[in-house]
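Where a number appears in this text, it was derived from the coordinates with a stated rule and is not lab data. Predicted model, so just to flag it, every value in this text is computed and none were measured. Because the Cβ atoms are built from the backbone with ideal geometry, glycine has one as well, and the counts that use them run over all protein chains shown.
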Amino acid sequence: MRSYDQYCSVARALDVIGDRWTLLIVRELLIRGPSRYTDLQYGLPGIATNLLADRLRDLEAEGIVTKEVAPPPVATTLFRLTPRGEALDSVLAALGRWGAPLLAGPTGDAAFRSHWLKFPLELHLTDQQPDAAPATIEIHAGAQPMLVRVADGTIRVHPGTSPDPEVTLTGTPSLVLGLLVGALDVDTARARGLKIEGDVATLRRVQPLIPPTGKVDRSAKAGRSKVKR
């Protein structure tokens, strides 16, 4: 991209990461860790293969991404973030918080990948009972099941299944997010088609006191545990 040619840290940063798709490539590597080229293509529906190659080349030149050859049996090139690239985590987190209200409403034809749930859920969920036993929420809202693990005041979201989750949610991404962040109650979410199996008290344990809309949940107990990412 053309430089803004301004002696300003924001402008200089945008000279490096302001191109279309660049921060989404960083998002994928923050969520998935070291990734193959095909993994990045899957997580970036709509990007042209030559454009992805160009963006990766630019990020490597800027010291944000590096590549390495994985040993057998994988024996393929993996792309990963450098420490400089990992420092963009807080930038993506701020964008995720700011953009959360924009996820309200129907999704239409927008593309979705299950692992994209990691950012909004880790940013907005809270372990309200850090002294309670660990709990697991299994989510089916796309091609890949996801797990929300709650323990010791922390929230961790990653792909996978559990043999015995406390609660399982099956439905559209908007319904899952709406319920978990407190924008929908259980009855409303069920009425709209979300399948909820298991202990709904686990859901109340992780719902934030202040949903992303900014509306305060007056019925929630005072106090809040910090979510560690």
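Summary table
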read-out	value
Sites A61 and D164, calculated FRET efficiency, Cβ-Cβ separation with R0 30 Å, nearest 0.05	0.05
Rough spin-label spacing in nm, given labels placed 7 Å along Cα→Cβ, for D19 and R36	2.5 nm
Taking segment 9-87 and dividing mean pair separation by its residue count, relative contact order in percent (alpha carbons under 8 Å, at least six apart)	32 percent
Mean Cβ neighbour count within 10 Å, used as a protection proxy, ranking 79-85, 43-49 highest first	79-85, 43-49
Helix-only CD estimate at 222 nm, as mean residue ellipticity for the chain, using -39500 (n - 2.57) per DSSP H run (n ≥ 4)	-9500 deg cm²/dmol
Mean separation of Cα contacts under 8 Å, 6 or more apart, over the residue count of the chain: relative contact order %	15 percent
Length released on extending from E197 to A70, taking residue separation times 0.36 nm less the Cα-Cα span	41.7 nm
Additional length obtainable on full extension of the chain from A53 to Q6, 0.36 nm per residue less Cα span	14.2 nm
Among P173, L184, A201 the positive-end extreme of the charge dipole of segment 106-206 (Cβ point charges)	P173
